[in-house]
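Read-outs throughout are calculated quantities, based only on the coordinates presented, and are distinct from any laboratory measurement. On a predicted model such as this, the values are computed, not experimentally measured, just so you know. Positions of Cβ are generated from backbone atoms using ideal geometry, with glycine treated the same way; all protein chains shown enter the neighbour counts.
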Amino acid sequence: MATPQVLIVGGGMITHDQILPAVYAMQRRGEVGEVWVCAQHGRTVRNLSAASSIVRAFPGQSFRAFPDPADGEQPQPELFRSVIAHLPPRQIVIVALPDQLHFKAVMTALENDQHVICVKPLVLTAQESVVIEREAYKRGLFCGVEYHKRFDDRAHKARRYYRDGMFGEFKLGTARLMEKWYYRNSNFQNWFTKENSDAFTYIGCHYVDLVHFITGLLPVAVSSYGIVDKFPNGNDGYLWCDTRVRWNNGAALNLQTSLSYPNEGAGPNTQGMTLYCSGSGEGAMIDHSDQYRGLSYSFGRKPAGEGATFYAEPSPDYFQYNDLGGPGLEPVGYGVRSVEFLVRTVKQLDAEAATLEARQAVLKQIDATGVVATPANSRYNELVVEAGRTSILNGGREVEIGKI
Ligand SMILES: NC(=O)c1ccc[n+]([C@@H]2O[C@H](COP(=O)([O-])OP(=O)(O)OC[C@H]3O[C@@H](n4cnc5c(N)ncnc54)[C@H](O)[C@@H]3O)[C@@H](O)[C@H]2O)c1
């Protein structure tokens, strides 16, 4: 599999903003082969293939679209199964579907002998992640979870210093991630509903994962209080969440998440994290502004697009297109590095290990190294999501999570 074929299942926001550009950049460098995208509606793949930023960045590149872009309005929710079945074995399926559909898509890919990369959260229950882990291991396949904050250089800096003892022990922390209000107008209103998800499940997992990534601590209990609000289509969602996560050293992280950052607020969202630590007797602190990264612009005219503002605080670190002289534009940022790292991990696995036993040994090593999130080494995320869902449905009472 020198140049694996890549199938992206789901053609929504994350595919447009991060996954497809990262995969196209690898294709342009000859690192991956043919790219396929399978969505539920023809109009989704039609819009994606015509998206102006992507067309400009990747002239001459295209993907094979499922369903037929001419098929417009007829939903084909099970089409991904037959598309996956048409791939030669041991290619790469990237799952970028709404959270509650990840399990069936990931399992379909594994059962068809495909490596898998899944956007976070992998699945919504720990038991499902166990099933995925076993299926992948049995077949010597890679399954990785795309937590791109792990590829933000600042996470690595904090992780290295923390593990060198420079901060002592994490005790109390606060984190926030508020997406813009206009998200309520998007396709989210069809799936981000009370029964399926909530703001903590959707975006809180980033900071839970990051605290573990930096400190190595494991969560032991969650209390998540959610406020129900209406989407424009009348559906109810937990669009505001206040969550406390307790850790196995007694530390507590308070995490607020929502779809509430004002449309006129600067930057695409507001987010950041402060961890107060014991230090060496005088205290220590890690403080990350993950929204304001030192840039502020006042534009002469308002840029196009929902949530765009005259005054802006853009982040150059997650994703942006650079003009390096062509052809097209080069996507850069930790969102791109994350996808690249996961794809290269798959390629390395297949290049290094010829037998099932050898592949399983490499998979164990990937789990143990802990740079990429896998079902085995990041199950605390599913346990937290599961406990958080139980808590939110019970008015925010604390739920202890099982033994990991
Ligand atoms: N920061 C992050 O890491 C981040 C950011 C955004 C989204 N995500 C994750 O990515 C996933 C998708 O989010 P999004 O923002 O792209 O959502 P979205 O609603 O914009 O897109 C979802 C896409 O899935 C498609 N889809 C739904 N059912 C399908 C089916 N049965 N078969 C094929 N396609 C189907 C929809 O048509 C849509 O194109 C979610 O799990 C979300 O949590 C992660």
Residue check, THR15 out of contact with any Gly (no Cβ under 6 Å at 6 or more places or on another chain), part of a helix (DSSP H, G or I) and under 17 Å from PHE80 (Cα atoms): yes
Number of the condition not met by GLY234 [criteria: (1) part of a loop (DSSP other than H, G, I, E, B); (2) in contact (Cβ under 8 Å) with a residue 12 or more places away in the chain]: (2)
Whichever residue in segment 16-35 is crowded, with 17+ Cβ neighbours inside 10 Å and of a type in the set (Gly, Ala, Ser) and, among such residues, is farthest from LYS120 (Cα to Cα): ALA25
Residue check for TYR225: of a type outside the set (A, V, I, L, M), under 24 Å from LEU259 (Cβ atoms) and assigned to a strand (DSSP E or B): yes
Any hit, segment 91-106, residues being at positive phi and surrounded by 20 or more Cβ atoms within 10 Å (Cβ to Cβ): no
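Which one is nearest to the ligand (Cβ to nearest atom), of the residues in segment 71-116 that are of a type in the set (D, E, K, R) and more than 24 Å from ILE203 (Cβ to Cβ)? Before you say what the answer is, go through the steps one by one.
Keep residues of segment 71-116 that are of a type in the set (D, E, K, R), which gives 71, 73, 78, 81, 90, 99, 104, 111, 113.
So of that shortlist, the ones also more than 24 Å from ILE203 (Cβ to Cβ) come out as 71, 73, 78, 81, 90, 111, 113.
Numbers: ASP71: 13, GLU73: 12, GLU78: 7, ARG81: 9, ARG90: 22, GLU111: 17, ASP113: 20 Å.
Per the stated criteria, the residue is GLU78.
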Count of residues meeting criterion [surrounded by 13 or more Cβ atoms within 10 Å (Cβ to Cβ) and more than 26 Å from the chain's Cα centre (by Cα)] in segment 283-296: 1
Identity of the residue in segment 117-163, touching a residue at least 40 places away in the same chain (Cβ under 8 Å) and part of a strand (DSSP E or B), that ends up nearest to the ligand (Cβ to nearest atom): VAL119
Sole residue being crowded, with 18+ Cβ neighbours inside 10 Å and closer than 30 Å to VAL220 by Cβ, chosen from LYS157, LYS149: LYS149
Of all residues making up segment 177-210, the number that are more than 15 Å from GLN100 (Cβ to Cβ), hydrophobic (A, V, I, L, M, F, W, C), out of contact with any Gly (no Cβ under 8 Å at 6 or more places or on another chain) and within 11 Å of the ligand (Cβ to nearest atom): 1
Unmet requirement for ILE366, which otherwise passes all of (1) under 20 Å from ILE132 (Cβ atoms); (2) of a type outside the set (Ser, Thr, Tyr); (3) free of Cβ contacts under 8 Å to residues at least 60 places away in the same chain: (3)
Meets criteria (free of Cβ contacts under 8 Å to residues at least 40 places away in the same chain, away from the ligand (no atom under 16 Å from the Cβ) and surrounded by fewer than 22 Cβ atoms within 10 Å (Cβ to Cβ)) for ASN248: yes
